[in-house]
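Novice: Take a look at the following structure, please.
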Amino acid sequence: MELGADRLAGQLANEPLRPAYLVAGSEPLLVLEAADGVRAAARAQGIGEREVHDMEGRDADWPALQSSLHAPSLFASRRLVEVRLPSGKPGTEGAKVITAYCEAPPPDVVLLVIAGEWSKAHAGKWSQAIARAGHVAIAWPVKPHELAGWLGARLRRAGIKATPEALALLAQRVEGNLLAAAQEVDKLALLLERDEVLDAGRLQALVADSARFDVFRLMEAALNGRPAQVARVLAGVRAEGEAIPALMGMVVKELGALAALAQAADFAGRCKALGIWESRQATYKRALARHPPERWQWLLAEAGRVDRIAKGRARPGRESHDAWLQLERLLLAVAEPRARRLLAS
């Protein structure tokens, strides 16, 4: 059966685990939460063994997965086998392995396929086979006009009642970033009193702008390739009187992580070493795809130059003294490769 990711939790709560699940979509938070729901249901139904197969490019070992799916469990009566498909496409070999499993699933295995991208072009006989054996849950992006409603539902699940004005204000603040929205809801759940109604005034008092939150939005806009949003958020940060040195710590950290990931042979392993959450890895991959590996080290060096200018250490006659302008140019270059020529200006 195919259903929206928001309906998967209800299915999991009302039936035994199916042999196969596909959770797919380009919104990392929704995909992560849907996949977490399958994992939680597996634990609740006594499945204590879990193995993960990352199937990306040349590293995809489909014969190993096929052998694992049909091998007896060593430590538990049942296993959860996760297959991660960042591109959303298993290829001919992978499609055959998944389809064959779904046609005759072993009784001791539950297959969870997680795809980082999804559209009608990604679907095929393999996903139809999963739908027949279990569920296909698609995490479609939340559209701008749907965001206030999505926030309202999430707040209600956290026990918070909010006015339409508060929801509109919160939607404007998070600008479509669901990960930031989820973090704000979690924070509000801790700050509000029981049965307190969240109105616009109370929201403004509780969710005061902070440099840390603003630079998070700023970096997310840059990494996701949104130059217009970069310029808008940076202008807001500057208008609120933030100082550039308060922003540069995260800017340098993010660019340093990207420079390291660009040179890494094992992307997932490097992300784990850097403490990058699984829910954010798709964002890093999109950023890395926009620039050749060596450019990230150059962008990191440019961040150091901006920091030097902000601290009054610009080289006389050789560097602009407008740190805000240089920071904007740097982040625009991260978001849009053609903008890197601005850094030479």
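Novice: When you look at His291, is it closer than 21 Å to Glu56 by Cα and of a type outside the set (A, V, I, L, M), yes or no?
Specialist: Considered against the rule, which asks whether it is closer than 21 Å to Glu56 by Cα and of a type outside the set (A, V, I, L, M), His291 comes out as yes.
Novice: Mind listing just one residue for me: the one in the stretch 137-165 that is open to solvent by 20 Å² or more (accessible area, probe 1.4 Å) and within 24 Å of Arg43 (Cβ to Cβ) and, of those, modelled with the highest pLDDT?
Specialist: Arg154
Novice: Then there's this: Restricting to the stretch 271-288, name every residue that is free of Cβ contacts under 8 Å to residues at least 24 places away in the same chain and part of a helix (DSSP H, G or I).
Specialist: Cys271, Lys272, Ala273, Leu274
Novice: Here's a follow-up. Quickly run through the stretch 47-87 and pick out the residues that are at pLDDT 85 or above and either acidic (Asp, Glu) or touching a Cys at 6+ places or on another chain (Cβ under 6 Å) (or both).
Specialist: Glu49, Glu51, Asp54, Asp61, Glu82
Novice: If you don't mind, another one. All but one of (1) crowded, with 19+ Cβ neighbours inside 10 Å; (2) modelled with pLDDT under 85; (3) within 20 Å of the chain's Cα centre (by Cα) hold for Ala262, so report the exception by its number.
Specialist: For Ala262, the exception is condition (2).
Novice: Could you grab me the full set of residues in the stretch 52-96 that are hydrophobic (A, V, I, L, M, F, W, C), assigned to a helix (DSSP H, G or I) and farther than 14 Å from Leu22 by Cβ?
Specialist: Trp62, Ala64, Leu65, Leu69 - these are the residues of the stretch 52-96 that are hydrophobic (A, V, I, L, M, F, W, C), assigned to a helix (DSSP H, G or I) and farther than 14 Å from Leu22 by Cβ.
Novice: Within the stretch 287-297, does at least one residue satisfy the condition of being closer than 29 Å to Gly241 by Cα and at pLDDT below 90?
Specialist: no
Novice: Shifting gears a bit: What about Val251, is it modelled with pLDDT under 90 and among the β-branched types (Val, Ile, Thr)?
Specialist: no
Novice: Go through the stretch 94-115 and report how many residues are under 17 Å from Val38 (Cβ atoms) and surrounded by 17 or more Cβ atoms within 10 Å (Cβ to Cβ).
Specialist: 11
Novice: Further, regarding this structure: Just the residues that are at pLDDT below 80 and either over 27 Å from Arg290 (Cα atoms) or touching a Leu at 6+ places or on another chain (Cβ under 6 Å) (or both), please, taken from the stretch 313-345.
Specialist: Correct list: Arg313, Ala314, Arg315, Pro316, Gly317, Arg318, His321.
Novice: Is there a residue being more than 16 Å from Val136 (Cα to Cα), in contact (Cβ under 8 Å) with a residue 40 or more places away in the chain, in contact with a Ser or Thr (Cβ under 6 Å, 6 or more places away or on another chain) and crowded, with 19+ Cβ neighbours inside 10 Å anywhere in the stretch 38-60?
Specialist: No.
Novice: Also, quick follow-up: Looking at the structure I just gave you, is Arg341 in a helix (DSSP H, G or I), farther than 22 Å from Arg217 by Cα, without any contact (Cβ under 8 Å) to a residue 12 or more places away in the chain and more than 20 Å from the chain's Cα centre (by Cα)?
Specialist: In short, yes.
Novice: Right, next: Within the stretch 15-34, can you find the residues that are in a loop (DSSP other than H, G, I, E, B) and either closer than 16 Å to Val83 by Cα or not acidic (Asp, Glu) (or both)?
Specialist: Selection gives Pro16, Leu17, Arg18, Pro19, Gly25, Ser26.
Novice: Hey, among Gly124, Gly134, which residue is open to solvent by 10 Å² or more (accessible area, probe 1.4 Å) and small (Gly, Ala, Ser)?
Specialist: So the residue among Gly124, Gly134 that is open to solvent by 10 Å² or more (accessible area, probe 1.4 Å) and small (Gly, Ala, Ser) is Gly124.
The values are calculated or read from the model by the stated rules, or taken from the named source; none is laboratory data. Note that the coordinates shown come from a computational prediction; the quantities given were computed from them, not determined experimentally. Because the Cβ atoms are built from the backbone with ideal geometry, glycine has one as well, and the counts that use them run over all protein chains shown. Each accessible area value is taken on the protein alone, full model and side chains, heavy atoms only, with ligands, DNA and RNA left out. Shrake-Rupley method; radii C 1.70, N 1.55, O 1.52, S 1.80 Å.
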